[in-house]
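Structure, as structure tokens:
Read-outs: derived from the displayed coordinates by stated rules, not from any lab. Computed from a prediction, not measured in an experiment: that's the story for all the values here. Methodologically, a virtual Cβ is constructed for each residue, glycine included, from the backbone with ideal geometry; neighbour enumeration extends over all protein chains shown.
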Amino acid sequence: MPRCHKCGKIFPGSTKVNGKLHTLIGRKKCLDCLPIPSHIKKAQAVCICSECGKTSETPICEDCAIIQEKKECRLKALEYKGPVCVVCGYDKCKGALLFHHLGSNYKLNQFDDAYQIDWPELTLEPGQSVVVCRNCLAEINEGIVSI
């Protein structure tokens, strides 16, 4: 164990600060005579995600940020295409509106990857689809209604 050159006390070779082990070997003075610098002692800011309540380093965690980006991307695409079912005219709830693809040449899976794509490229997706409500989509898939 090292001995302080100022007061002569013996001090430990390591200490925990903010949960991290810091080695004190090589120090000439004990922690009383030369405290650990404040930038090391400063506790890391821990936030609680405003969406899910998980602890995070930011006000919104990464998972919730991605979900939020996906929702914004979907809403932007709905506004671009028109937030109304082309079959029945339903427009009450944007969450009930879906994109029905007219061709399968270019198709993103439920906008899961859309938040990573630039907007000009993303406009190709709604350009090859129509907006329908969930009920009309079921009827289209069953062959009751055709577009």
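Among 65-74, 9-18, 89-98, what's the highest-first ranking by average C-beta atoms within 10 angstrom per residue? Mind dumping the intermediate values first?
Working: 65-74: 15.3, 9-18: 11.8, 89-98: 13.7.
Descending packing order for the listed peptides: 65-74, 89-98, 9-18.
Sort CYS64, CYS88 so the one with the fewest other Cβ atoms within 10 Å of its own Cβ comes first. Each step should come with its number before you reach the end.
On the way: CYS64 18, CYS88 13.
Sorted ascending by nearby Cβ count, the order is CYS88, CYS64.
Report, to one decimal in Å, the Kirkwood hydrodynamic radius for the stretch 1-40 based on all distinct Cα pairs.
That comes to 10.4 Å for the stretch 1-40.
Report the gain in length on full extension from ILE140 to ILE66: 0.36 nm times residue separation, minus Cα-Cα distance, nm rounded to one decimal.
Answer, rounded to one decimal: 23.6 nm.
Say the cut-off is 26 Å between C-alpha atoms; which of LYS54/LYS81; LYS54/LYS92; LYS71/LYS92 go over it?
With Cα atoms farther than 26 Å apart: LYS54/LYS81; LYS54/LYS92.
Could you go through the stretch 73-81 in sequence order and give the Karplus-derived ³J(HN,Hα) for each residue, using 6.51 cos²θ - 1.76 cosθ + 1.60 with θ = phi - 60°, rounded to whole Hz, and x for Gly and Pro?
Rounded to whole hertz, the list is 5, 5, 5, 5, 5, 5, 5, 5, 8.
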